Structure formats: C-alpha cells, structure tokens
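Inspection log for the structure reproduced underneath, given as structure tokens.
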Amino acid sequence: MSEGREDAGVLFAEPGARWRTVTYGPILCLIILVVELLTGSSVHWFALVFCGSLIALFVVLQVIAGQRHVSVELTETALREGTETLPLTSIDAVLPERDEDAWDDEDWESARALGELSGVPRRRTGIGLRLRDGGQVQAWAKDHRALRSALTAAIDGRPEPARPLDDSAPESGKDGHSENGVDL
C-alpha cells in the first residue's frame with residue numbers, strides 16, 4: 001500500500017540498469033550447452049557453468065552500480081540524478097535545447113553535471129537547468145525529451161515561492177493597481 005503512494009508522485013523515472021541483463025550471459029552459455037549436446041561433441045560442463053556464473057556475477061555488480069549512479073527520478077518535489085537530489089524549489093528554469101546548427105556551445109553545456117560522476121554519463125543527453133541562485137547545472141537522461149517536458153511541467157505547475165516585501169516599492173492606488181496597470 002505504501003509503495004503505491006510513493007509511486008503516485010513519480011513524474012519520470014529511468015532505472016539506470018535492469019536486472020534482466022544478468023540473465024544474458026547464462027542464457028548464452030545454456031545455448032552453447034544445448035548446441036554441444038545436439039552436435040554430439042564433448043560437453044564442457046564445468047567451463048560453461050563457471051563462465052555463466054562469472055558473467056552473471058560481474059553483471060550483477062554493473063546493475064547495482066547502474067541503479068545507484070545512473071538512475072533518474074523526478075518527483076513532485078525533487079529531481080534525483082544518481083546519488084544527488086535537487087529540490088525543484090531550487091530550479092528557476094529549464095534552459096532550451098542545444099541548437100544543432102549553432103557553432104557555439106550553450107553556456108549550460110560546460111556546467112557541472114548532477115550526480116557524483118565527472119560528467120554526463122554515456123548514452124545520456126544533458127539538459128540545462130538555471131538555478132535560483134543564478135548558477136547552472138546539467139540534468140541528464142536517456143529519454144531527455146521526456147525528462148525535459150516532465151521537468152518543465154513540474155516547474156511551471158509549482159506554486160511560486162513567497163517574495164519578500166520591498167518597502168521601497170511605490171504605493172499602489174486603492175484599486176490594487178500600480179501606475180502601469182500591473183496588479184500588485
């Protein structure tokens with residue numbers, strides 16, 4: 001029951017790695033075993049079991065690392081990229097995509113990538129984010145367009161943070177409008 005409530009707030013997710021990949025090596029070894037049995041050649045039982053187990057063990061380590069360091073999750077309150085979580089309240093805007101025809105790089109392309117990795121992971125595409133403190137960072141995902149649209153919707157749909165009152169602001173009229181017609 002509690003998992004359903006947690007999943008209800010997830011707007012976008014990429015697991016980073018999938019457990020089904022652990023089975024690929026042992027399945028290949030099983031196919032080789034069946035071919036050896038059908039052709040009547042000598043069966044390499046020990047080698048096939050050893051290789052299948054060893055491949056599966058290494059892939060288990062890769063899946064654990066992938067799920068920890070390359071997974072992405074966007075909820076209604078935060079963006080998690082690998083091991084780093086960024087509250088949505090600290091994001092000011094999602095910056096436009098890189099123009100493929102432009103000669104110059106966008107400013108956000110040299111910004112720090114979220115997560116603890118040194119840059120945007122392989123087979124992922126960066127998304128520029130402007131933070132409320134004026135800095136820029138890169139979010140990233142395989143399906144960067146879906147993350148971009150989910151991030152934009154989440155940021156546009158959130159309530160604006162309370163702005164501090166400025167005593168030096170001009171007084172408004174009785175109707176609540178300033179001189180230039182803007183509601184205060």
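The values are calculated or read from the model by the stated rules, or taken from the named source; none is laboratory data. All values derive from a computational prediction rather than experimental measurement. Heads up, the Cβs are rebuilt from the backbone with ideal geometry, glycines too, and the neighbour counts pull from every protein chain shown.
Each residue in segment 79-90 was checked for being on the phi < 0 side of the Ramachandran plot and not in a helix (DSSP H, G or I), and 8 pass.
Applying the condition of being at pLDDT 90 or above and out of contact with any strand residue (DSSP E or B) (no Cβ under 7 Å at 6 or more places or on another chain) to segment 124-140 and asking which residue is surrounded by the most Cβ atoms within 10 Å (Cβ to Cβ) yields 135.
Out of (1) within 30 Å of residue 32 (Cα to Cα); (2) exposed (fewer than 12 other Cβ atoms within 10 Å of the Cβ); (3) among the aromatic types (Phe, Trp, Tyr), what's the single condition that is false for residue 50? With (1) within 30 Å of residue 32 (Cα to Cα); (2) exposed (fewer than 12 other Cβ atoms within 10 Å of the Cβ); (3) among the aromatic types (Phe, Trp, Tyr) applied to residue 50, the lone miss is (2). For beta carbons closer than 9 Å, sequence separation of 6+ or different chains, a first residue in segment 137-159 that is touching a residue at least 60 places away in the same chain (Cβ under 8 Å) and a second that is aromatic (Phe, Trp, Tyr) and surrounded by fewer than 22 Cβ atoms within 10 Å (Cβ to Cβ), the qualifying pairs are 141/12; 143/12; 146/12; 147/12; 150/12; 151/12; 154/12. Restricting 92, 183, 143, 107 to residues that are in contact with a Gly (Cβ under 9 Å, 6 or more places away or on another chain), at pLDDT 90 or above and not hydroxyl-bearing (Ser, Thr, Tyr) narrows the list to 92. Of all residues assigned to segment 45-62, at least one qualifies as being under 28 Å from the mean Cα position of the chain (by Cα) and within 13 Å of residue 16 (Cβ to Cβ). Once segment 128-142 is narrowed to residues that are within 12 Å of the chain's Cα centre (by Cα) and not in a loop (DSSP other than H, G, I, E, B), the residue that is farthest from residue 15 (Cα to Cα) is 138. Screening segment 53-78 for residues that are in contact with a Gly (Cβ under 9 Å, 6 or more places away or on another chain) and assigned to a strand (DSSP E or B) and picking the one that is surrounded by the most Cβ atoms within 10 Å (Cβ to Cβ) gives 72.
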